[in-house]
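Report on the structure given below.
The values are calculated or read from the model by the stated rules, or taken from the named source; none is laboratory data. Model, not experiment: these values are computed from the prediction. Cβ atoms come from the backbone with ideal geometry, glycine included; neighbour counts cover every protein chain shown. Note: accessible area is taken over every heavy atom of the protein model, side chains too, but ligands, DNA and RNA are not part of it. Shrake-Rupley method; radii C 1.70, N 1.55, O 1.52, S 1.80 Å.
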Amino acid sequence: MEPSRDTHATLVDLLDRILDKGLVINTDIIISVAGIPLIGVNLRAAIAGMETMLKYGVMQAWDEKTRAWEREHLKKNSPSLLEEEEIVLKMYGYYYYSKGIYTAWRPGYFYLTNKRLILYRQDFDEIAFQVPLEEIKALLIREEVHFVKEKKKRVLYLMDKQNQVHRLSAVETTQLKKAIEQNLTTIGLFLETNPVFPAFEEVLIDFLTEAEEITHRGREIWYLVPASGILQETWRPGHLYLTNNRLCWWYDFERKLFFDVPVNTICSTKTEMRKTSGLNSTKELVLEVTYRFGSTELVAAFAGEEQIEEWTEALNRIVSGRVSEETETCPQCGKSAPSKELLEDGCLNCGWVSHRSKKKIAEVAL
Amino acid sequence: MDGARYIYCITGGNEKIALGNIGIDDNEVYTIPCQDLCAVVHNCPAEPYTSEDNEVMQTWVMKHQKVVDIAMEKFGTVLPLGFDTIIKGEEDIPSDENIKKWLNDDYENLRQKLAKFKDRAEYGVQIIWDPKVIGKKLIENNQEIKNLNEELKSKSKGLAYMYKQKLENLLKKEMEAEAERYFKDFYERIKRCVDDIKVEKTKKLDDDKQMLLNLSCLLFKEKSKVLGEELEAINNMEGFLVRFTGPWPPYSFV
């Protein structure tokens, strides 16, 4: 085998030597060549062949892009301000963005200036939300459910003069509200004292079929989402709806129905005090709804503090109401009567009793 | 200030000799003697050669090598320097004087090295294997793997998956052991043919093959045939490929 000096692979091998090795002069009279290794990598890649160059090339472009982004990012970390505009407060927070079916809490920095309230998204150099101070009509803080059962999130509802309501949340929502109010006062603006906020329908109720009506609704009803795959069963917040046809539970975070059963499959209800959180040991009233699914019976558990009793009643009305509605005809005289009554008490018309009831009566007589 | 000097290599000799416009950017290359050592240089501004353009860089690097090659042809043994080694002058000392001072101060060391490299050259040896071929052979010959492979066939789908993972892990382990065995074997065989040997980092390859070992070897130029024969034998083994490059100036041994 003869050594070669001029093939392609050889070239790369040689470059390794020329760029990284050679006699080293340990003295300060040598010009330092910072950055040479980098060029070396580049160069080697270029010579290594088209394929590698593409690989490196992509990386290089990516590298340059990320660095350029970083430079931009470092340079620009606040929104462009208007003339004579001054920042009063900067706070990390979120703006609830909703468009069509897309909804999300978008993070960014709130900038309260003497002219505007802005939510600025640094990474994109984008103003996600802004409202001129004089356009703010009213503010209201509501506590809302958080993803974790024990936590509540303070949400700042901001109504503008067009009666549009925006949902904002910040690290210190109350403080943000106070700062806005103070700022308004100093420039001589006032908020409406008793604002009437329109009901904020969080759920896009598009799951109703024609002629279906909601007869009962509850916000902040927790449903024990059954285990699936590696996920354990977990309590999750959402909205429970009872219509004339279905019992549905809408999951807030995934924004879709997670539980959806026809009312005529509901067999029974039961309530019990249960632990609903792994974090503390307090028990609360849990409603267990047993329903038929194919040939088996399943149980769905709901929690929702004082709302639960109300829901239990509502569902019980359906269960018991339905039983009384089911009628059967008497096998002896043919008169129709509620089937439960017919089976347990016999026919009131002709005196017929069911085989099982006869046995029972015989047992009692003994 | 009289600018700086780009140094290609050090060689023996005591005359100032002009080699023509063969340098980087067609600069005139000449020697700066001191005692019986020479630095092969060209005049340049006191700043490194850098370019965003890879083609320009490549041309420069190749020129560097070309000059070292010519010096080797003309003077025999050389001590090559890496690309972009530039010596500058100081306020009251011209750069030529700095070079001479360095040659003088380092005289013993440089002389020794020149003696060590006399009639010798550096060769690159890279041995590459095809893991697919080696893996296949392992499956055929390793009893443990064979057993596991047999067992796998009789298992249900779920268990088979588990067995497959077991098999993969075992194969990986065996491949690593195999790589180590081959590495040691090849290293010993090559070492017998050379004066000095350096293990270099293996490099990722474009295709699905793997570099098993990457060596720089120093040996008498005439002896490259012996090394070549040994490498030929390795190259003929199934699943192995040898890259043999050189002769190079002894970049890795200076």
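Stretching A:Gln122 away from A:Tyr92 to a fully extended chain increases their span by 9.7 nm, per 0.36 nm per residue minus the current alpha-carbon distance. With a Förster radius of 30 Å applied to the C-beta separation of B:Glu232 and B:Lys173, the computed FRET efficiency comes to 0.45.
Counting Cβ atoms of other protein chains within 10 Å of each residue's Cβ and taking the mean over peptide B:120-126 gives 3. Look at the alpha carbon pairs under 8 Å that are at least 6 residues apart: their mean separation over the length of the stretch B:4-118 gives a relative contact order of 33 percent.
At the nearest 100 Å², what buried accessible area, both sides summed, do you get for A and B when the probe is 1.4 Å? Walk me through the intermediate numbers first.
Values: alone 24230 and 14850 Å², together 35190 Å².
Summed over both sides, the interface buries about 3900 Å².
Here the accessible area is traced with a 1.4 Å probe on the protein chains. For the stretch B:63-195, carbon and sulfur cover 48 percent of it. At an R0 of 30 angstrom, the distance between the Cβ atoms of B:Lys198 and A:Asp6 translates into a FRET efficiency of 0.85. Spin-label model, A:Arg106/A:Gln130: points 7 Å from Cα along the beta carbon direction are separated by 1.3 nm.
With q set to 0.10, 0.12, 0.13, 0.16 Å⁻¹, the log10 of I(q)/I(0) for the stretch A:219-333, from the Debye formula over equal scatterers at the Cα positions, is -0.33, -0.46, -0.53, -0.77.
For a test of the definition: using alpha carbon positions, the gyration tensor, and the 1.5 limit on a/c, classify the stretch B:121-253 as rounded, prolate or oblate. Note, shape of the stretch B:121-253 comes out prolate.
Which value, in Å² rounded to 10, gives the accessible area of A:Arg217 with a 1.4 Å probe and all protein chains present? Using a 1.4 Å probe on the heavy atoms, I get roughly 130 Å². Straight Cα distances below 22 angstrom link B:Lys203 to the lysines A:Lys21, A:Lys55, B:Lys132, B:Lys172, B:Lys173, B:Lys184, B:Lys191, with same-chain residues fewer than 8 positions distant left out.
Peptide packing for B:7-13, B:183-189 was compared via the average number of neighbouring C-beta atoms within 10 Å per residue; ordered from the highest value, the list is B:7-13, B:183-189. Our summary gives the stretch B:1-58 a relative contact order of 37 percent, counting only alpha carbon pairs under 8 angstrom and 6 or more residues apart.
Spatially close Lys pairs in the stretch B:4-118, defined by Cα atoms under 15 Å apart and a spacing of eight or more places or different chains, total 6. Shown is the FRET efficiency for B:Glu150 and A:Ser228, computed with R0 = 35 Å from the Cβ-Cβ distance and rounded to the nearest 0.05: 0.40. For A:Lys115, the aspartates and glutamates whose Cα falls under 17 Å of its own Cα, not counting residues fewer than eight places away in the same chain, are A:Glu83, A:Glu84, A:Glu85, A:Glu86, A:Glu134, A:Glu135, A:Asp160, A:Glu181.
Using the rule -39500 (n - 2.57) for each DSSP H run of four or more residues, divided by the residues of chain B, the 222 nm mean residue ellipticity is -14500 deg cm²/dmol. With a simple spin-label model that places each label point 7 Å from the Cα along the Cα-to-Cβ direction, the separation between B:Tyr107 and B:Lys164 comes to 7.3 nm. Normalised by the number of residues in chain B, the mean separation of alpha-carbon contacts (under 8 Å, six or more apart) gives a relative contact order of 22 percent.
Considering all alpha-carbon pairs of chain B, what whole percent are spaced by more than 23 angstrom? Walk me through the numbers on the way to the answer.
Working: 20229 of 32131 pairs.
Within chain B, distances greater than 23 Å cover 63 percent of Cα pairs.
Remark: spin-label model distance A:Thr329-B:Lys184 equals 9.5 nm, labels positioned 7 Å along the Cα→Cβ axis. Summing Lys and Arg as +1 and Asp and Glu as -1 over all other residues whose Cβ lies under 14 Å from the Cβ of B:Leu231 gives a net charge of 0. Mind checking the mean number of beta-carbon atoms from other chains within 10 Å of the Cβ atoms in B:75-84? Mean shielding by partner chains, rounded to a whole number: 5. Within the stretch B:4-118, the proportion of C-alpha pairs whose separation exceeds 22 Å stands at 29%.
Counting only aspartates and glutamates at least 8 places from A:Lys270 when in the same chain, those with an alpha carbon closer than 17 Å to its own are A:Glu284, A:Glu288, A:Glu297, A:Glu305, A:Glu306, A:Glu309, A:Glu310, A:Glu313.
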